[in-house]
Every structure is written in C-alpha cells, then in structure tokens.
Amino acid sequence: MQKVPTVYDVAELAGVSIATVSRVLRKPHEVADATRDRVNAAVLDLGYVPSGSARSLAARRSGAIGLCLPDFDGIDEVSGLAPVEFSDGRVSTVLDLPEDVELGDHLYISEVMLGTEIEAWQHGMAVTIAVARGSRGSEIFDNLAGRVDGIVTLARTIPDKQLAHIARRVPVVVLAGPRSDDEYDHITTDNAEGMRVMTSHVLEAHGVTDLAFVGGPADSPDDDARFRGFCQALRAAGLTAPATPVARGDFTRAQGRSIGRRLLAEGRVPRALVCSNDQTALGVLDALTSAGRRVPEDVIVTGFDGIDASEVSRPRLTTVYQPMRDLGRAAVDTLLHRLRDSQIPPQTRTLPVRVLLRGSCGCLPPESV
C-alpha cells in the first residue's frame with residue numbers, strides 16, 4: 001500500500017517549513033506568489049490532502065456548523081422502510097394524478113439550507129446537516145453536537161430539555177422567535193405583523209368579514225405569531241377573533257388538502273381562508289379546485305412564506321414573503337458572532353416581510369394569474 005503523504009513531505013519537496021505549507025493551505029493570500037506556487041505544485045505532485053481532524057485538534061474547532069432539521073417526511077424508523085431494490089434501467093408510462101400524490105416539497109427548508117451553506121462557505125466553514133428523525137432524534141442531535149462548532153436548528157426539532165443541555169456544550173441558534181426567556185440566539189421574521197397586514201387587506205380591500213385561519217402545529221412559535229396577527233386584524237375591524245384556528249395541519253401540502261376536503265364535507269368553508277404557510281394554502285387550493293369551487297370568486301385563499309410554488313399555482317397565491325435564504329445566512333452570521341464572543345447577551349434578529357398581492361385574493365385579473 002502506498003505511503004500517505006504528510007505535511008512534512010510537502011514541506012521537504014517545496015523547500016519550505018511546515019508552517020509555510022499550513023499558511024498556503026489556510027491563508028494563501030498571505031504568501032508570496034512564487035512560494036505559494038511551489039507549495040501547491042508539491043501538494044498536487046504528492047497527492048497530499050490536509051487532515052481535517054488534525055486541523056480541528058490544533059484549532060480546537062471542527063470548522064463545521066451543524067444544521068438540525070425536524071422530521072418533515074414522517075418516516076419514524078429507517079429500519080421500517082422496505083429495502084431498496086436495484087435493477088436495470090427501464091421506462092414506464094403511468095397516469096399521473098397530482099391530487100393523490102404527496103409532493104413533499106419543503107421549499108422553505110431548501111431555501112434556509114441554501115442560505116446557511118452560502119454564509120458558511122463565505123467564512124470558510126462547512127455545514128453538516130442532520131434530521132432529528134423519529135425515536136432516534138435525540139441521539140442524532142447529540143451526535144451532531146459533538147462534531148460541530150455550533151448548531152442552527154428549527155423550533156420544535158428537539159425537546160426543550162435536550163436543547164438546553166446541548167447549549168451548554170456548543171452555541172445554538174434557533175430559527176423562530178422566542179416563546180419564553182431562554183439563552184439562545186433567535187432568527188425570525190415579522191410573522192405577526194405580516195399576517196396582520198395580510199388579513200387587514202382581505203378585510204378592507206375585499207370587504208370580507210367571513211374568514212378563518214388554517215394553522216400549523218400548536219407548538220410552532222411562527223404559527224402562534226401568525227395567528228396572533230390574524231386575530232389583531234379582526235379585532236381592529238370590530239370583529240370577534242376566534243380562540244383557535246378553524247383547523248390545524250403540519251405545514252405540508254398533503255395536510256392542507258385534507259383540511260380543505262374536510263371543511264368542504266362539513267360545509268364550513270368561509271368566504272376567505274387565511275393559511276399559516278404556503279404549502280397548506282396550496283393544498284387547500286387543490287381541494288377547492290377539485291370540488292369545483294372557484295378561487296377567488298367563491299373562496300379567497302392566502303398563504304405565508306413566498307415559496308416558488310406559490311408563483312406558479314392557478315391562480316397565483318397571495319402570500320406573505322419572508323426572506324427564507326436570509327434566515328439561514330443570518331443564523332450562521334449570528335452563530336459566528338457567538339463563537340467569537342460567548343459573553344454577549346442572547347440576540348433575537350427579526351427580518352422584514354412583504355405582502356405579495358396576487359390572483360388568489362382577487363387583486364389581479366384572470367389573464368395575469
């Protein structure tokens with residue numbers, strides 16, 4: 001077996017010290033061009049790859065940020081999945097029925113992940129992604145915390161007690177507003193005000209007084225804030241605010257579709273359905289369209305997030321756009337500040353939102369939808 005080249009071999013071949021090799025690999029802009037070229041040539045000639053674990057021990061940092069996500073796909077135990085079967089490639093033709101297919105597009109998460117990766121990359125760090133899945137979620141979270149310098153996580157991903165325990169080992173940034181006094185940094189958007197402005201528009205511009213809120217999970221801080229904004233708009237208009245949403249889902253399109261069908265079956269569809277997120281709203285829109293209800297002529301539907309799918313629905317979905325990619329970037333930026341100075345007080349950064357008026361509330365003519 002061929003001997004694995006070391007930093008000493010690179011230094012000897014390039015005729016420099018190991019400190020210079022290290023500087024070329026970590027901060028090449030600080031090294032003279034000729035020296036940098038000799039070191040890089042030696043690295044290529046020897047096939048040398050720096051040891052990440054060695055660098056981590058020397059710096060007492062892993063150079064990685066952990067991103068821990070909740071189990072959105074509903075798979076509880078990987079061991080319960082059918083084994084993957086591989087076969088020769090073939091092409092089949094099937095009748096595609098979109099109503100009966102779970103799309104599984106968690107595009108909010110995709111944008112947050114991209115923002116996290118971009119900001120980490122700009123600072124020379126990697127992102128390690130883990131899903132706190134099923135009964136092994138706590139174990140997965142613990143393992144992640146032991147391999148990274150800090151963690152970005154969404155609310156409701158990990159039980160509060162375990163999150164508090166991990167936060168004693170590595171800094172934690174939570175993507176949601178705080179529900180109580182805690183010691184974490186939080187990144188959120190103006191959920192309550194965004195939903196208040198959206199609801200006020202439906203009330204005032206469209207003259208609707210019969211409207212209901214379709215919520216997400218009861219323990220979601222974001223959903224709680226959005227429902228609060230919805231109720232504030234109703235009270236400001238002299239209407240009675242409900243104690244709870246008309247229905248709750250799990251922020252997925254499939255659940256939105258189920259909620260829409262249930263409201264239709266029970267005869268409880270109001271003039272406007274204000275949904276806590278876009279995926280839910282798109283599912284509701286699916287159910288209404290399938291039942292022959294016209295949007296917005298019969299029912300106004302609105303969402304929250306501004307995912308790409310909201311731009312191509314028919315009609316296009318009126319929604320509150322939140323800067324999802326910037327949420328990920330702000331979380332990493334906040335985490336890096338925390339790593340540089342662990343003594344600063346916990347921060348809550350609130351990013352702005354925009355209400356996007358489109359066809360599903362009746363603000364655009366049919367040809368524009």
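The values are calculated or read from the model by the stated rules, or taken from the named source; none is laboratory data. What you are looking at is a predicted structure, and each value in this text was computed from that prediction instead of being measured. Backbone-built Cβ (ideal geometry, glycine too); neighbour counts: all protein chains shown. For accessibility, only protein heavy atoms count, side chains too; no ligands or nucleic acids. Shrake-Rupley method; radii C 1.70, N 1.55, O 1.52, S 1.80 Å.
General remarks:
- Single unsatisfied condition, residue 122 versus (1) in contact with a helix residue (DSSP H, G or I) (Cβ under 7 Å, 6 or more places away or on another chain); (2) open to solvent by 20 Å² or more (accessible area, probe 1.4 Å): (1)
- Out of 140, 158, one residue alone is surrounded by 15 or more Cβ atoms within 10 Å (Cβ to Cβ) and outside any helix (DSSP H, G or I). It is 158.
- In the stretch 264-290, residue farthest from residue 322 (Cα to Cα) [restricted to those that are of a type outside the set (A, V, I, L, M) and assigned to a loop (DSSP other than H, G, I, E, B)]: 267
- Residue match in the stretch 176-185 (condition: within 16 Å of the chain's Cα centre (by Cα) and surrounded by fewer than 22 Cβ atoms within 10 Å (Cβ to Cβ)): yes
- Hey, residue 281 of a type in the set (A, V, I, L, M) and modelled with pLDDT of 95 or more or not: yes
- Condition broken by residue 199, with the remaining ones in (1) in contact with a Lys or Arg (Cβ under 8 Å, 6 or more places away or on another chain); (2) over 30 Å from residue 339 (Cα atoms); (3) not hydrophobic (A, V, I, L, M, F, W, C) satisfied: (1)
Table: residues versus (1) part of a loop (DSSP other than H, G, I, E, B); (2) at pLDDT below 55.
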| residue | (1), (2) |
| --- | --- |
| 40 | no, no |
| 50 | yes, no |
| 56 | no, yes |
| 72 | yes, no |
| 84 | yes, no |
| 104 | yes, yes |
| 110 | no, no |
| 116 | no, no |
| 124 | yes, no |
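Table: residues versus (1) assigned to a loop (DSSP other than H, G, I, E, B); (2) open to solvent by 50 Å² or more (accessible area, probe 1.4 Å); (3) out of contact with any strand residue (DSSP E or B) (no Cβ under 9 Å at 6 or more places or on another chain); (4) at pLDDT below 95.
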{"site": "219", "(1), (2), (3), (4)": "yes, yes, yes, yes"}
{"site": "222", "(1), (2), (3), (4)": "no, no, no, yes"}
{"site": "226", "(1), (2), (3), (4)": "no, no, no, no"}
{"site": "230", "(1), (2), (3), (4)": "no, no, no, no"}
{"site": "238", "(1), (2), (3), (4)": "yes, yes, yes, no"}
{"site": "243", "(1), (2), (3), (4)": "yes, yes, yes, no"}
{"site": "250", "(1), (2), (3), (4)": "yes, yes, yes, yes"}
{"site": "256", "(1), (2), (3), (4)": "no, no, no, no"}
{"site": "262", "(1), (2), (3), (4)": "no, yes, no, no"}
